[in-house]
């Protein structure tokens, strides 16, 4: 155990794949990991032998290069804002009440009115589409419908 404080900026990727919606974490800064330590006292050379670490940014005197003051804090704020926005978006979808009225935007039912029934675990919506004077049960992807 090396006992370093690390920060890996992450974001939530929300994308459709094979007619299903996948939500998974992705790194915001591929191949970069931020490690907090004092180069004068910490055994920082151990970081170089960690699996997955290819190299450290070093200065001319072969000591680790520090991140500029405020840069990591800006990244932390950006990640928090991204996660808060994603969480709020998904919370709003989960808390949507059955009976909410919307409109189908894409697909064979485009431009028809619909009524929200429930959100499925895969991110799709079960809705009732009003068509030709009848109500039909349909499952739609999140980006195919708009409520409100």
Task: Most mobile listed residue (33, 59, 105) in the chain, GNM with C-alpha springs under 10 Å - done: 59
Task: Helix 71-94 vs. the chain, principal-axis angle (Cα, 0 to 90°, nearest 10) - done: 20 degrees
TODO: Once every Cα of segment 101-147 carries one equal point scatterer and solvent is ignored, give the base-10 log of I(q)/I(0) from the Debye formula at q = 0.13, 0.17, 0.25, 0.30 Å⁻¹, two decimals.
DONE: -0.22, -0.38, -0.82, -1.17
Open item on the list: For a quick size check, give me the Cα extents of the chain along its three principal axes, largest first, whole Å.
Closed with: 77, 27, 26
Task: Extension gain, residue 118 back to residue 68 (0.36 nm per residue minus Cα-Cα distance, nm) - done: 13.3 nm
Open item on the list: Suppose R0 equals 22 Å. What FRET efficiency, 1/(1 + (r/R0)^6) with r the Cβ-Cβ distance, do residue 105 and residue 135 give to the nearest 0.05?
Closed with: 0.70
Open item on the list: Cut-off 10 angstrom, C-alpha nodes, Gaussian network model of the chain. Which of 115, 50, 41 fluctuates the most?
Closed with: 41
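Readers should treat all values here as calculations from the given coordinates under stated rules, not as data from a laboratory. These numbers come from a predicted model, not from an experiment. With ideal geometry, Cβ positions are generated from the backbone for all residues, glycine too; neighbour counts draw on all protein chains shown.
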